[in-house]
Every structure is written in C-alpha cells, then in structure tokens.
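In what follows, a single structure is set out as structure tokens and then discussed.
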Amino acid sequence: VDKGIALILRVALDTPLRRAFDYLPPAGDSAAEPTLAAPPLGVRVRVPFGRRQMIGVLIGIAGESEVPAAKLKAAHEILDAASVFDPVTFELLLWAADYYHHPVGEVIAAALPVALRMVRARAAANRVSAGQAAPTAAPIECRPSEVILTSEQAQVVEAIGASLGGYRAHLLHGVTGSGKTEVYLRAIAAAVARGDQALVLVPEIALTPQLVERFRRRFSGGIAVLHSALSGTERRDAWRAAQSGLAVIVIGTRSAVLCSLPRLGLIVVDEEHDASYKQQEGFRYSARDLAVLRAQRARVPIVLGSATPSLETLENAAQARYATLKLPQRPGTARAPRLHLVDLRKHASDQGLSQPAIQAIGRHLADGGQVIVFLNRRGYAPALFCNQCGWAASCAHCDARMTLHRRAGQLRCHHCGAAAPVPATCSNCRHDLNPLGQGTERVEETLARLFPSAPRARLDRDTAAGRGALEAVLQRVHRGEARILIGTQMLTKGHDFPDVSLVVILDADQGLFASDFRATERLAQTITQVAGRAGRASRPGEVLIQTEFPEHPLLVRLIRDGYEGFAASALAERRHAEWPPYSRLAMLRAEARDSLALDGFLAGAADRGRGVGESVKILGPATALMARRADHFRAHLLIEAASRAVLQRFLARWIPVVETLAGPPGLRWSIDVDPLEVD
Ligand code: ADP
Ligand code: ZN
Ligand code: ZN
C-alpha cells in the first residue's frame with residue numbers, strides 16, 4: 001500500500017441527513033501505519049460531530065473523500081473488533097435505507113439499542129462480542145406439550161419443518177383459534193433442535209402477554225423479548241443475547257426484524273396483516289416485508305400467519321410466490337361463530353345498543369357466557385354539542401372535534417393530545433351542551449344501567465395506560481370476574497378468552513365509506529378478528545354486527561362467504577382500480593404552518609417529478625383528510641407506478657431534486673414507500 005494514500009472511513013450517524021460521514025482513521029492508526037488492515041464494516045466508531053461526539057457504524061471504506069483534506073477529522077476510536085451485525089442483517093439495513101429512501105444513519109440507529117450508541121456509557125457492559133464467534137447457547141429444552149395436533153396442524157408443521165434449511169415463504173391462513181400458535185411452537189422446536197435461532201414477530205407484545213407466556217412454558221430458556229416498553233438496559237441485554245447467539249428464540253415487535261441473529265433458521269410473523277408492522281413515522285419500514293426479504297437473504301423459511309391475511313400476501317400466494325397452508329377449522333369441539341347483521345334502521349337503540357343486541361347480551365349472560373362489546377372509539381362521546389345553535393367543541397389546533405372524557409372531566413383531542421376543561425355551557429349562546437354519539441366510556445355506562453349485576457371491564461388506551469393496567473383488565477376477564485368486556489381495536493389482537501360466547505360490533509359503518517382504499521380491507525379484518533374472540537372453547541359463538549347499511553356488498557359478501565370471499569372481491573376491485581398489489585405507491589407528505597406555501601412546495605415537487613422521465617402517475621397536491629393538525633397544514637403527493645423497479649428508479653432521481661427545493665419556514669416533509677394509509 002502506498003504511504004500517501006489515506007484511508008477514509010464512511011460512518012453512518014444518527015442524523016436526518018441522507019448520507020454517511022467521512023473520517024480519517026483514529027490517530028496512530030492505519031493512516032500512519034499503512035500495513036494495518038482497514039477495520040471491518042459494521043463496527044461502531046466514536047467520532048467528533050460538530051461540538052459533540054457520536055457513536056456511529058462504519059458502512060464503507062474509501063480511498064478518497066469529497067471533503068477537503070484540511071477539513072477531514074479523525075475518528076476517536078474504533079469500538080469493536082468485528083461487525084456488531086451479522087452479514088445478512090448488515091446488508092438488509094443498507095438495502096432498507098435505499099429502498100425506503102431514508103437516511104442510513106437513522107436506519108442503523110433503529111437497529112442498534114441506544115445504550116450501545118451512548119458516548120458516555122463506557123462500561124464493559126457495552127462491549128459487543130463478535131457476531132461471528134457466536135457462542136453456542138446452552139441447550140434449551142422443549143416441554144413436551146399435552147396438545148395432540150390435529151391432522152391438519154400436523155401437515156402444516158411437517159411442511160414448515162421440511163423447508164428448514166432453505167428459503168421458502170409460507171402463508172399460514174388459519175381461522176381464529178385454529179391453533180396457529182401451536183403450529184409456531186412446533187415449527188420453532190424443530191428449528192431449535194437443529195441449533196438454529198428463531199425470530200417471532202408479533203404486532204404488540206403488551207397486548208399479547210399470553211403468547212410470550214406460552215413460549216416460556218414450552219421452552220426451558222433462551223428466550224429474548226424485544227419491544228418498545230423495555231428500559232434502555234433491558235433492551236441492550238435482550239439485543240445482545242440475540243446478537244451473541246445466546247438467545248435461541250427472539251420474540252419482538254416490528255424493530256426486532258432488524259436485530260442481529262447469527263444463526264437465524266426460521267422467521268414467524270404472527271398476524272401478518274396487522275398495521276403495526278408498518279412504522280408510521282421516521283424510518284417508515286414494513287417489518288413484514290423486511291422479514292420476507294431477510295428470510296430470502298438468510299436462506300431460511302418464513303411463516304406469515306393470519307386469520308385475515310393482507311390482500312398483498314394473498315396475491316403473493318395466488319402467484320405461488322408463497323406456499324399456502326390452511327387451517328380451516330378450530331380443533332376439538334370449538335366451532336367458528338355465526339355472524340348476523342342487525343339493521344339499525346329497523347330497531348330502536350339505547351345509546352348505540354340495538355334492542356336485538358341488548359336481548360342477546362341478556363341471553364348469553366343468563367347462560368353463563370361472557371360478552372364482548374366492540375367499539376373502535378374511546379372516551380365518552382366523540383362530540384360535545386349545543387342543540388340550540390349547533391356549536392360543537394373543536395380543537396384549537398386541529399380540524400377536529402374534541403372528545404368528551406367524562407370520568408377525567410376533560411375534553412381531549414385524539415389527534416394532537418390537547419386537553420381542556422369541559423365547558424359548563426355553550427360558548428356561543430350559553431345554552432346547555434349535550435354529548436353526541438358514543439365512545440367506550442359511555443357504552444360501559446349504558447351497560448351498567450342495563451345489566452347492573454354483570455361486572456364489566458373496559459379495554460382501551462385510557463384504561464390500559466400505566467404499568468400493569470392492561471394485564472389487570474385481561475386477568476379479570478380470564479378469571480371470569482368480568483362478564484362484559486367493552487373495548488376498542490385492542491380487543492381484536494390475539495386474545496384467547498375461552499368463555500366468550502357473544503360479540504357485538506356496535507358500529508361497522510365507520511369503515512364502509514372511508515376514502516382510503518384500504519379501509520374496507522381493514523374493516524373486514526377487524527370484524528373477522530373480533531368475531532373470532534367468540535366461541536373459542538366449547539360454547540357456540542354468536543356475533544352481531546350493527547349497521548345502517550345491511551345491503552352493503554362488502555358486508556353481504558363477508559357474512560355469506562367469509563373473509564376469503566371478501567378478499568376475492570376486494571382483490572378484483574383493486575385490480576380494476578390499479579391499486580396495490582397491482583401497482584406500487586409512494587407518498588410525499590408535507591406539513592407547514594402556511595397552507596399556500598405548502599401547496600406551492602408540493603406543486604413544485606410534482607412539476608420536477610414530471611421532468612424525471614419515468615412513467616409514474618403523480619397525483620396531487622391533495623389536502624390530507626385532516627387538513628390541519630397541531631397547527632400545521634398537511635398535504636401530500638401520491639406517486640403510482642406499475643412496478644417496484646419503476647417506482648424505485650423514479651424516487652432515486654426525484655428525491656435529490658426535492659431536497660434542493662426551497663419551502664416555507666418550518667416545512668417538514670417525508671417519503672413513505674409502500675404507504676399503508678393514503679389520506
Ligand atoms: P390461533 O393462534 O390460531 O388463534 P391457538 O394456537 O391459540 O390458535 O389455539 C386456540 C386454542 O386451541 C388454544 O387454547 C389452544 O391451546 C387450543 N389448541 C390448539 N391446538 C389444539 C389441538 N390440536 N387440540 C386441542 N386444542 C388445541
Ligand atoms: Zn349554542
Ligand atoms: Zn388537536
């Protein structure tokens with residue numbers, strides 16, 4: 001090596017800039033002694049950054065830099081002897097930064113616990129041992145299960161087991177309660193028996209303490225759990241257990257897909273349709289999609305499990321990119337519940353509860369069943385309204401009504417978090433104010449009045465706030481103390497309540513006429529999932545769906561042909577309208593205090609986009625569904641392309657141009673590739 005040639009370290013730092021930063025090696029290192037080899041990619045590097053220091057990750061080595069030599073600074077220290085990521089994870093992160101067009105430093109930061117990026121934490125506890133030299137874990141034992149697999153389950157376990165050792169994507173489409181979790185446990189046991197690590201992604205751990213419990217009961221140890229409620233050191237320890245190979249099973253929410261796993265042998269994505277797999281701010285990745293890519297690169301099988309697979313996944317299965325495994329029935333005597341529509345136009349109702357629903361609740365309670373009442377709206381009432389002049393309490397910062405929270409004695413904005421005391425009278429005409437519509441708090445009050453002797457539990461973001469609160473509510477239901485469970489979306493995820501025999505869905509209509517093209521898919525998933533909480537054990541289940549539109553084709557199809565029937569019609573509609581999965585989307589979202597200037601910026605961006613010369617459709621600028629939130633106006637452009645390749649070529653050329661456009665003061669914009677919500 002020539003003495004004169006400098007070695008430049010390209011370091012990814014957690015900053016919003018879309019590039020890596022160049023440094024000279026630490027003083028006294030390879031620059032002075034060129035025989036020293038360059039450090040391996042993936043090591044952490046402590047560097048000066050402005051007036052402070054940061055810890056970043058080495059992502060490249062270059063022979064020269066665009067930074068003038070006099071301005072190049074030396075890194076302070078190389079912190080690791082080997083990459084902190086296994087090779088597949090490292091490649092996945094770089095790929096994701098490219099694909100989602102997100103600053104690589106932020107992508108890598110999402111994959112590395114904060115405790116390992118803190119300059120001050122110099123303790124030995126933060127040393128990261130080399131991923132390659134993964135110690136073999138203490139052998140963990142699987143507790144033989146008393147459950148005897150059904151022949152369908154056995155076939156599924158067999159198919160997954162046979163695919164270990166190579167890439168294969170399986171869609172496990174099993175109705176709620178069909179024993180998918182049991183299948184995961186067996187497939188993972190098979191992977192673990194080979195000495196592999198298994199990664200299990202779940203939507204929200206807090207909502208499914210039972211799942212983690214089942215894993216802990218089945219395996220003797222070696223389980224690491226990664227989710228957002230961990231403290232900094234808990235997260236670091238769990239991450240390190242995974243990265244070193246000591247943890248054999250890693251269960252985590254979406255960011256766990258970025259975790260280093262040197263001996264990865266199987267990936268499971270439970271409830272693969274769940275929207276929480278998509279990060280909705282910052283680095284907007286889809287953990288489900290990255291998991292499939294990761295399985296491909298690591299040459300391991302992946303199981304995407306759901307009772308209500310996303311339309312994207314169903315299309316992949318239809319194209320034979322994924323193998324379909326089905327569990328169409330519940331094991332034992334448990335049967336799928338029967339669904340009925342209740343026509344709200346024909347029946348009187350009491351605070352949102354129709355007469356047929358009230359009668360059914362009474363009947364099931366009398367028979368010793370438990371009842372779930374589902375309403376995806378928390379608080380007491382979604383509006384506080386003056387009958388005299390029509391005034392309604394609205395948020396000062398958003399285009400939205402304030403929600404009345406009666407027990408807390410507050411009006412709250414569910415969009416920006418603003419809170420205000422409840423006004424005594426109309427601020428316009430001094431007349432009395434009335435709560436309009438229902439939230440879970442009010443439904444609970446109504447049920448208390450109608451069924452005073454049935455103990456109730458409420459599950460929503462208000463009652464689940466605080467450590468242990470959620471577990472306490474779920475315990476009361478499991479122990480049978482609570483007979484009526486009222487709740488939001490939180491109820492739909494994965495719970496297994498054996499005594500629930502009736503589910504009442506109070507308002508199916510919210511999703512029927514929404515402008516977002518995925519709204520009906522989400523509604524069908526929610527209905528099917530919440531309905532699936534009924535009739536889990538030996539009690540036959542009944543589901544009542546209240547609607548003002550019982551002839552709506554979506555509802556009719558869903559009731560008549562189930563989720564699969566619905567999905568077939570919905571896919572046909574998507575194909576016709578050229579929505580995903582038959583096209584690919586990206587969104588440029590922007591917000592600013594000045595709405596005119598905001599539109600100007602987006603119009604300019606659209607203009608430049610048309611000059612890029614790729615065959616994409618650029619739709620907008622369009623105002624967001626909620627035009628103003630937290631004092632910012634919000635608008636977007638939607639980019640539609642026939643294929644991922646075209647979309648990616650377009651974005652790669654367009655985004656650097658958008659970055660040069662001047663915008664109004666305080667402008668914020670972001671790119672969302674494969675957005676889940678488009679309004
Ligand atoms: P899913 O994950 O599909 O909702 P689970 O795996 O939680 O289903 O199974 C639902 C219920 O059925 C659980 O109580 C589980 O213990 C039970 N179960 C699963 N497989 C069997 C089986 N083969 N025989 C009897 N019970 C089973
Ligand atoms: Zn008034
Ligand atoms: Zn607000």
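The values are calculated or read from the model by the stated rules, or taken from the named source; none is laboratory data. None of these values were measured; they are calculated from a predicted model. Here the Cβ is made from the backbone with ideal geometry for all residues, glycine too, and neighbour counts use every protein chain on show.
Summary of computed values
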{"item": "Top-ranked residue of the stretch 210-246 - restricted to ones that are outside any helix (DSSP H, G or I) and free of Cβ contacts under 8 Å to residues at least 12 places away in the same chain, ranked as farthest from Arg263 (Cα to Cα)", "result": "Ser231"}
{"item": "Of all residues making up the stretch 302-337, the number that are basic (Lys, Arg) and under 25 Å from the mean Cα position of the chain (by Cα)", "result": "2"}
{"item": "Residues (part of a strand (DSSP E or B) and crowded, with 17+ Cβ neighbours inside 10 Å) located in the stretch 50-71", "result": "Met54, Ile55, Gly56, Val57, Leu58, Ile59"}
{"item": "Some residue of the stretch 81-100 being among the aliphatic types (A, V, I, L, M), farther than 21 Å from Ala298 by Cα, surrounded by 17 or more Cβ atoms within 10 Å (Cβ to Cβ) and out of contact with any His (no Cβ under 7 Å at 6 or more places or on another chain)", "result": "no"}
{"item": "Inter-residue pairs, beta-carbon under 8 Å, first free of Cβ contacts under 8 Å to residues at least 24 places away in the same chain and at positive phi and in the stretch 180-209, second of a type in the set (Lys, Arg) and more than 16 Å from ligand 3 (Cβ to nearest atom), 6+ apart", "result": "none"}
{"item": "Any chance Arg574 is in contact with a Phe, Trp or Tyr (Cβ under 9 Å, 6 or more places away or on another chain) and modelled with pLDDT of 95 or more", "result": "yes"}
{"item": "Test: residue in the stretch 360-381 that is surrounded by fewer than 18 Cβ atoms within 10 Å (Cβ to Cβ), in contact (Cβ under 8 Å) with a residue 40 or more places away in the chain and within 16 Å of ligand 2 (Cβ to nearest atom)", "result": "no"}
{"item": "Any chance Arg412 is at pLDDT 95 or above, of a type in the set (Lys, Arg), within 16 Å of ligand 3 (Cβ to nearest atom) and closer than 28 Å to Ala448 by Cβ", "result": "yes"}
{"item": "Residue match in the stretch 469-484 (condition: assigned to a strand (DSSP E or B) and more than 23 Å from the chain's Cα centre (by Cα))", "result": "yes"}
{"item": "Qualifying positions in the stretch 554-596 - among the aromatic types (Phe, Trp, Tyr) and either part of a helix (DSSP H, G or I) or farther than 13 Å from Glu315 by Cβ (or both)", "result": "Tyr563, Phe566"}
{"item": "Neighbours by Cβ (under 8 Å, 6+ apart or cross-chain): first from the stretch 299-320, closer than 14 Å to Val175 by Cα; second in a loop (DSSP other than H, G, I, E, B) and polar (S, T, N, Q)", "result": "Ala307/Thr176; Ala307/Ser178"}
{"item": "Meets criteria (of a type in the set (A, V, I, L, M, F, W, C), at pLDDT 90 or above and buried (at least 21 other Cβ atoms within 10 Å of the Cβ)) for Leu491", "result": "no"}
{"item": "Residue check, Gln355 over 30 Å from Gln475 (Cβ atoms) and either without any contact (Cβ under 8 Å) to a residue 24 or more places away in the chain or surrounded by 14 or more Cβ atoms within 10 Å (Cβ to Cβ) (or both)", "result": "yes"}
{"item": "Condition check for Arg476: free of Cβ contacts under 8 Å to residues at least 60 places away in the same chain and touching a Gly at 6+ places or on another chain (Cβ under 8 Å)", "result": "no"}
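Per-residue answers, yes or no, for (1) touching a Phe, Trp or Tyr at 6+ places or on another chain (Cβ under 9 Å); (2) within 30 Å of Gln155 (Cα to Cα):
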site: Ala291; (1), (2): yes, yes
site: Leu304; (1), (2): yes, yes
site: Glu312; (1), (2): no, yes
site: Leu325; (1), (2): no, yes
site: Pro328; (1), (2): no, yes
site: His364; (1), (2): no, no
site: Phe374; (1), (2): no, no
